[in-house]
1. If V215 meets every condition in (1) of a type outside the set (D, E, K, R); (2) in contact with a Phe, Trp or Tyr (Cβ under 8 Å, 6 or more places away or on another chain); (3) modelled with pLDDT of 90 or more apart from one, which number is that one?
2. When region 209-228 is examined, which residues are found to be surrounded by fewer than 18 Cβ atoms within 10 Å (Cβ to Cβ) and either of a type outside the set (A, V, I, L, M, F, W, C) or over 21 Å from E92 (Cα atoms) (or both)?
3. Within region 218-229, is even one residue modelled with pLDDT under 90 and among the β-branched types (V, I, T)?
4. Restricting to region 102-149, what's the tally of residues that are modelled with pLDDT of 95 or more and among the polar types (S, T, N, Q)?
5. For the subset of region 229-256 comprising residues that are touching a residue at least 40 places away in the same chain (Cβ under 8 Å) and part of a strand (DSSP E or B), which member is surrounded by the fewest Cβ atoms within 10 Å (Cβ to Cβ)?
6. Looking at (1) at pLDDT below 75; (2) closer than 28 Å to A166 by Cβ; (3) loosely packed, with under 15 Cβ neighbours inside 10 Å, can you tell me which one N87 breaks?
Amino acid sequence: MIFRQSFLLLVAAVLLCLAAKAQPAPIMLDTLREPIGKRLKAWAKAQSLRPYALRVGTDLSYWLNGAVSAPFGRNTIGENLKNFYANTARFELTADMAFNRNKNFLIADVGYSSTFRERNAKDSLRNVSYSNTGTYWRIGFDYNVLHKTFTDRKNALMVGWRYARANFAQEAAYTARSTPWGFNGMPAAPLFSETISDRLNYRWMELTMGLRVAVWRELYLGYTFRIKFAGRPSNTDRLLPNEVPGFGTIRSNVKLSFNYHIYYRIPLVKNL
């Protein structure tokens with residue numbers, strides 16, 4: 001009996017020793033820091049790539065361009081608008097996607113432009129006309145330099161970069177007329193006429209600075225100041241372009257422009 005009890009006590013002591021050795025080591029704070037840090041970095045990276053809001057709008061400067069010169073000219077605003085839109089048709093849509101809590105923005109623009117220019121000599125014997133029609137797009141990014149100041153995560157003062165491309169067709173025509181000698185009463189007959197047409201594409205880059213301000217609920221107004229760096233057109237064997245959709249007239253390698261926008265913001269995350 002005594003031998004049996006001693007044997008059971010010995011077995012129990014061995015099992016207790018084995019159980020003590022099998023217990024895991026105590027968890028130290030240093031061992032938790034590394035996985036927690038990795039998880040926080042992964043979470044922060046995921047948040048930076050998460051879209052927060054989408055803004056869509058249009059460029060108001062094209063609509064207002066015809067009335068800008070009214071105070072400085074003889075015509076009324078209505079007459080200037082009529083003359084401008086009789087020869088010009090322009091429209092642009094713009095959108096930006098906010099990431100990283102209104103810090104970074106992905107930008108995309110698309111537009112259409114059609115322009116017609118004509119010049120007649122005083123004696124009506126010479127006529128020059130130029131037309132340009134096409135589409136363009138821009139893509140780039142903006143950085144909100146005041147993302148810490150605008151705590152509401154809606155307003156933004158941005159600097160950025162754009163890559164742009166236009167595809168368009170242009171046509172230039174020149175006609176010279178002459179009245180037969182000695183027959184001043186007869187209408188002038190065409191003496192020389194030539195028409196040149198080309199289909200081109202044009203690329204350029206821009207540095208931008210802009211402001212977006214909420215004026216009422218999700219309605220925004222803003223502007224974009226652009227420094228455009230001219231590129232080189234393709235297929236210009238016959239006629240160099242005078243104007244490029246989205247870029248404007250080509251008179252120097254660097255061009256400045258200023259655009260007004262109106263936007264509507266669509267939140268993609270609640271309470272933003």
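The values are calculated or read from the model by the stated rules, or taken from the named source; none is laboratory data. From a predicted model like this one, the values you see are computed outputs, not experimental measurements. Quick reminder, even Gly has a Cβ in these numbers, built from the backbone with ideal geometry, and neighbours come from all protein chains shown.
1. Exception for V215: condition (2).
2. Those that are surrounded by fewer than 18 Cβ atoms within 10 Å (Cβ to Cβ) and either of a type outside the set (A, V, I, L, M, F, W, C) or over 21 Å from E92 (Cα atoms) (or both): V215, W216, R217, E218, Y223.
3. No.
4. The qualifying residues number 1.
5. My answer is E243.
6. All conditions pass for N87, except number (1).
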